[in-house]
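Heads up: the structure comes next, in structure tokens.
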Amino acid sequence: MKRAKTIKIEEQLEKDLIESKRLFKVVFEHSPAAITITDSQGRIIACNPTAEKMLCTTKRDLFNKPISFLFPAEEWKILRSLSKRCRGKLSNVMTKVLCKDGSLLDVSASTSVLKDSQGKDSGSIGVFYDITREKLAQHQMHESENKLRIILDNSAAAITMTDEKERIISWNSFTEKLFGMNAKDLYMRPVHSLYPPEEWKIIRSLNIRQSGFMHHVESKAIRKDGTVMDVDLSVNILKDEQGKIIGSVGMLQDITESKRAHEMILQAKLAAEEANNAKSVFLAKMSHEVRTPMNAIIGMIDLTLDTPLNEEQKDNLKTAKDAADNLLSLINDILDLSRAQSGKVVIEEIEINVPDIIKNVCKGLMILARNKGVDVVWSIDPVIPRLLIGDPVRLRQVIVNLVNNAIKFTHKGKVTVNAKMKSITEKDCEVVFEVIDSGIGIPPQNLPYIFDVFTDAHNVTSRRYGGTGLGLAICKKIVEMMRGSIEVESQEGQGSVFRFIIIFGFRPDLIANPEVEQKPSSEVEVSSMPEELRHLRILLAEDNIVNQRIVVKVLEKLGWKVTAVNNGQEALNILNNQTFDVILMDDSMPLLSGVEATQIIRREEKQTGQHVPIIAMTANAMVGDREKYLASGMDGYVSKPIDRNLLFQEIVDLVSQRLKN
Ligand code: ADP
């Protein structure tokens with residue numbers, strides 16, 4: 001019975017052994033870890049498929065090789081001494097194994113000693129996990145932590161981190177620098193104590209804890225020494241996985257300096273705007289003050305030129321007229337440049353006769369040149385259409401300027417003006433103008449600055465030859481506004497060539513209608529006027545007696561009856577008793593200005609239902625003045641000095657319109 005029981009136990013043991021061997025085999029074959037088994041001499045007697053794969057080798061290759069064969073020498077040394085100390089039992093030791101292809105793998109190694117049935121060491125078993133990926137991830141994490149640290153420590157912003165109770169627990173080195181505090185001052189400090197109480201109130205009111213962040217808010221912070229600085233503040237709230245707030249990260253930048261700079265720039269800008277305004281007002285005023293007497297001078301010369309004179313008197317008066325015209329153009333230059341610089345110049349697009357402008361300018365300036373023994377000649381490409389679209393006044397201005405300069409800087413020889421057509425399309429016509437002189441030329445070092453305003457380049461010559469140094473700067477601006485460009489070529493002692501291109505507008509129908517020319521001012525004809533315009537009654541309100549006389553004479557020559565008064569009040573008085581076909585109204589007059597008088601007249605007319613045409617006649621010639629006068633109730637506008645032709649045209653237009661209505 002007992003024997004039978006013993007047999008049964010042995011059978012059971014046998015069965016268990018077989019089962020355990022089978023289990024071991026399954027684990028051995030399928031383990032994700034590499035397993036090696038060595039004999040008591042440390043020679044490899046078995047390895048599983050994972051080991052083969054990991055080491056890029058085969059069982060056969062490894063069989064009977066010493067286990068040390070798998071490790072780099074220095075790793076093996078460490079392992080052996082560890083193993084001795086731990087009596088062959090190692091657990092998760094980081095080491096490296098050598099693959100067959102020579103590469104190294106990071107592994108975690110564990111070893112156990114194997115015993116035989118007598119309890120003697122029969123070998124050992126080694127289990128290896130490939131930890132290359134973990135090592136790499138760890139390395140990358142360290143690297144990025146390091147980088148972050150470097151960034152934080154080198155950042156020019158104070159970065160602080162708080163715990164859930166809003167106490168500072170971590171910060172970068174700039175925080176200490178910015179606040180003048182050390183670790184002791186900062187650690188566990190309530191974050192609100194970095195801000196003045198009123199600023200903290202504002203920060204609190206922004207509800208950052210709800211929104212989760214707040215970026216670039218201007219605030220103030222206090223340093224350890226009590227000084228307050230302007231800061232740009234950003235905050236991000238930190239939450240755990242459940243959404244519970246665990247702290248916050250704040251970033252502060254000192255913007256005291258940039259704020260001050262910004263304020264200074266703002267102030268400077270305001271001051272510049274004020275100065276610019278003052279300049280505009282000054283220019284408007286000056287232009288008015290100078291234009292008024294110029295009106296008298298030019299008007300009187302014109303009137304006298306219309307009277308019988310001998311040749312010498314005529315010549316003298318013409319010279320005086322030239323000088324007056326020049327002076328007026330200087331005033332216009334200054335006004336022009338300031339307008340062009342502030343973008344207030346409007347380029348007209350009307351019919352323009354380019355050949356005539358060139359001829360007239362050259363003829364006009366010839367006298368000036370001949371006095372110096374210099375000739376002025378011109379050559380105009382006959383293919384340039386007689387009429388184009390552009391701004392005649394501005395083109396004339398540029399040519400006058402360049403020819404004037406050419407004459408001024410030439411002592412012998414001649415000044416030539418050329419105009420050639422460069423291209424023409426259905427819409428545009430490109431013309432190249434050249435003003436060539438045989439004068440003193442321009443030193444090469446001055447050439448790059450020749451079109452600048454008031455540069456040193458002009459100093460020496462302008463001291464000798466006179467001039468404002470504005471002309472070329474204005475020319476350049478105007479030419480550019482007319483879709484063109486200007487350049488200069490010059491050789492000292494030989495002469496200069498100023499060349500500019502302008503793109504004019506062109507319409508084929510303009511060729512068919514070439515003879516639309518303005519009559520010169522002395523040819524205003526009364527006889528061609530319709531009967532109803534021949535006997536106009538005109539009221540002139542003008543406080544300047546000389547100007548009054550000129551306008552009266554000009555208009556009376558046309559057969560019109562002119563009544564002159566000295567201010568707006570006198571105009572109103574006379575209107576109570578008499579009616580007029582047109583009123584010419586100066587603006588700035590004593591007692592009652594032209595604008596005020598006009599407004600009263602218009603108010604009274606509301607009762608009578610009448611409307612007398614009123615033309616503003618003023619020396620205010622800034623951009624926007626015409627609109628200003630029309631808005632005040634006037635119907636027309638003529639600027640001083642009065643162009644007779646324009647005044648005549650304006651009167652005829654307005655009266656004809658009234659008659660039609
Ligand atoms: P300014 O009124 O002083 O003549 P500009 O702007 O017209 O002003 O000219 C500036 C300067 O350019 C002149 O002072 C002179 O030095 C030089 N310049 C202009 N045109 C000529 C020219 N045709 N020949 C020589 N120098 C010239």
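Values as computed for the structure displayed
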{"item": "Tally of residues being polar (S, T, N, Q), open to solvent by 70 Å² or more (accessible area, probe 1.4 Å) and in a helix (DSSP H, G or I) across segment 280-318", "result": "2"}
{"item": "Enumeration of residues in segment 44-71 that are touching a residue at least 60 places away in the same chain (Cβ under 8 Å) and open to solvent by 50 Å² or more (accessible area, probe 1.4 Å)", "result": "I45"}
{"item": "V582 vs. criteria within 30 Å of I350 (Cα to Cα), modelled with pLDDT of 85 or more and buried (at least 20 other Cβ atoms within 10 Å of the Cβ)", "result": "yes"}
{"item": "Count of segment 398-422 residues which are closer than 11 Å to K372 by Cα, open to solvent by less than 30 Å² (accessible area, probe 1.4 Å) and either more than 9 Å from the ligand (Cβ to nearest atom) or in contact with a Gly (Cβ under 6 Å, 6 or more places away or on another chain) (or both)", "result": "1"}
{"item": "Scan of segment 225-279 for residues that are open to solvent by 90 Å² or more (accessible area, probe 1.4 Å) and either part of a strand (DSSP E or B) or among the hydroxyl-bearing types (S, T, Y) (or both), ordered by number", "result": "K239"}
{"item": "Test: residue in segment 72-84 that is touching a residue at least 24 places away in the same chain (Cβ under 8 Å), touching a Pro at 6+ places or on another chain (Cβ under 8 Å) and farther than 23 Å from S122 by Cα", "result": "no"}
{"item": "Residue pairs meeting the criteria (Cβ under 7 Å; at least 6 apart or on separate chains; first under 15 Å from D232 (Cβ atoms), in segment 259-273; second among the polar types (S, T, N, Q) and at pLDDT below 95)", "result": "none"}
{"item": "Index of the failed condition, V376 passing every other in (1) open to solvent by less than 40 Å² (accessible area, probe 1.4 Å); (2) within 15 Å of the ligand (Cβ to nearest atom); (3) farther than 17 Å from V432 by Cβ; (4) part of a helix (DSSP H, G or I)", "result": "(4)"}
{"item": "Among residues of segment 515-562, those that are at pLDDT below 75 and in contact with an Asp or Glu (Cβ under 9 Å, 6 or more places away or on another chain), counted", "result": "5"}
{"item": "Residue match in segment 351-366 (condition: of a type in the set (G, A, S), at pLDDT 85 or above and out of contact with any Ser or Thr (no Cβ under 7 Å at 6 or more places or on another chain))", "result": "no"}
{"item": "Segment 484-499, residues that are exposed (fewer than 14 other Cβ atoms within 10 Å of the Cβ), within 11 Å of the ligand (Cβ to nearest atom) and part of a strand (DSSP E or B)", "result": "Q491"}
{"item": "Selection count where residues are open to solvent by less than 50 Å² (accessible area, probe 1.4 Å), modelled with pLDDT of 85 or more and more than 8 Å from the ligand (Cβ to nearest atom), scope segment 439-483", "result": "5"}
{"item": "Test for E426: is it assigned to a loop (DSSP other than H, G, I, E, B), in contact with a Gly (Cβ under 8 Å, 6 or more places away or on another chain) and of a type in the set (D, E)", "result": "no"}
{"item": "Among (1) in contact (Cβ under 8 Å) with a residue 40 or more places away in the chain; (2) small (G, A, S); (3) more than 18 Å from V354 (Cα to Cα), the one test that A419 misses", "result": "(3)"}
{"item": "Condition check for V432: within 13 Å of the ligand (Cβ to nearest atom) and crowded, with 16+ Cβ neighbours inside 10 Å", "result": "no"}
{"item": "Matching residues, segment 32-41, being of a type outside the set (A, V, I, L, M, F, W, C) and open to solvent by less than 20 Å² (accessible area, probe 1.4 Å)", "result": "T36, T38"}
{"item": "Tabulated pairs, segment 383-402, first among the β-branched types (V, I, T), second assigned to a helix (DSSP H, G or I) and within 16 Å of the ligand (Cβ to nearest atom), C-beta under 7 angstrom, 6+ apart or interchain", "result": "V398/C475; V398/I478; V398/V479; I399/V361; V400/V361"}
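The values are calculated or read from the model by the stated rules, or taken from the named source; none is laboratory data. If you're wondering where the values come from, they're calculated on a predicted model, not measured in any experiment. Note that we place each Cβ from the backbone using ideal geometry, even for glycine, and neighbour counts take in every protein chain shown. Areas reflect the complete protein model, heavy atoms only, side chains present, ligands, DNA and RNA absent. Shrake-Rupley method; radii C 1.70, N 1.55, O 1.52, S 1.80 Å.
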